[in-house]
Every structure is written in structure tokens, then in C-alpha cells.
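Enquirer: Take a look at the following structure, please.
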Amino acid sequence: LSALIERLPQLYKAIGLRLLLWGGRVAGTLLLVVPGLIIHYRYSQAAWLMADNPELSIREALAKSRQMMQGRQLRLLLLDLSFAGWLAVCAATAFLGLVLLVLYHAATRAAFYRELVGESLAGPEMQAPETLIKIKPGLTL
């Protein structure tokens, strides 16, 4: 119980970050869809950063996420769009595989984050691919 109480400030920061990101996405989407997507992908790594660095404030996590995603937003969007086919299969089967798809998507997002911070997921006998999705260098959001 004491370990849980010690982590309450982290929980409050995580909840605050989620509420702030949700509000930004809603505001951006109400303006137009594109600003909502830009906000979503620009700050998509903030929660991962706070999980890795609990001492970060919400503002610092958002700033680092924005910096990390500079020029990589389209790559993450294409990665997310690559799951559209699997979502269609889930819909065709009355969403029976949706739980597995959500877990697979979360694991893929975690691998994307690890790649951004430069950590290799593969051991010495296996080499991780350089990028999850390769795009032309001039394409950015």
C-alpha cells in the first residue's frame, strides 16, 4: 500500500497529461480534422516519455515529444494506417479479434517509441530493422 501511495504523484501527472492531450485533440478536431491529427501525432510520445522518466513534468514531456516527433509524424500515421486491414477483418468477424489487435497495436507503438529513443529490441543475434516504415525523406506533416 505504501508503494502505491508513493506513486500517486506519477498517477496524477499521467491523468493530467491524458486530459490535456484529450482536450487538445478535441479542440484541434473541432477546428478541422487535420489540426487534430497533427496534435495527436505531435504529442503521441509524451506518455511513453513520462513512463520512462517519472521526474518529467507534463510540460517537459510534451516538449520532448514534440521534439522527438519532428519530421516523424507521417511515419507514425502510416504505421497506424497499416492496421486498417486488420480492423476490417475484426469488423467482419463481429470484432472477435479486437482485443488481440489492440494489444498488437500497443506493442507496435511501444516498438516505435523504443526506436525513437534508440533502444534496440533485438538481441545481438538479431538486428532490429532501421525503421518500421520507410518513407521518402521530403514527406512530413
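Enquirer: In region 38-50, what count of residues is obtained for those that are touching a residue at least 24 places away in the same chain (Cβ under 8 Å) and out of contact with any Leu (no Cβ under 7 Å at 6 or more places or on another chain)?
Expert: Residues that pass the stated criteria total 2.
Enquirer: Oh, and also: Of all residues in region 27-66, which are in a helix (DSSP H, G or I), farther than 17 Å from Ala110 by Cβ and of a type in the set (Ser, Thr, Tyr)?
Expert: Thr29, the sole residue that qualifies.
Enquirer: Got a number for residues in region 1-26 being without any contact (Cβ under 8 Å) to a residue 12 or more places away in the chain and assigned to a helix (DSSP H, G or I)?
Expert: 14
Enquirer: Do we have any residue at all in region 61-69 that's at pLDDT 90 or above and surrounded by fewer than 13 Cβ atoms within 10 Å (Cβ to Cβ)?
Expert: Within region 61-69 (the criterion being at pLDDT 90 or above and surrounded by fewer than 13 Cβ atoms within 10 Å (Cβ to Cβ)), the answer is yes, since at least one residue qualifies.
Enquirer: Does region 78-90 contain at least one residue that is within 15 Å of the chain's Cα centre (by Cα), without any contact (Cβ under 8 Å) to a residue 60 or more places away in the chain and exposed (fewer than 12 other Cβ atoms within 10 Å of the Cβ)?
Expert: yes
The values are calculated or read from the model by the stated rules, or taken from the named source; none is laboratory data. Predicted model only: the values in this text are computed from it and were never measured. Reconstructed Cβ throughout: ideal geometry from the backbone, glycine too, with neighbour counts over all protein chains shown.
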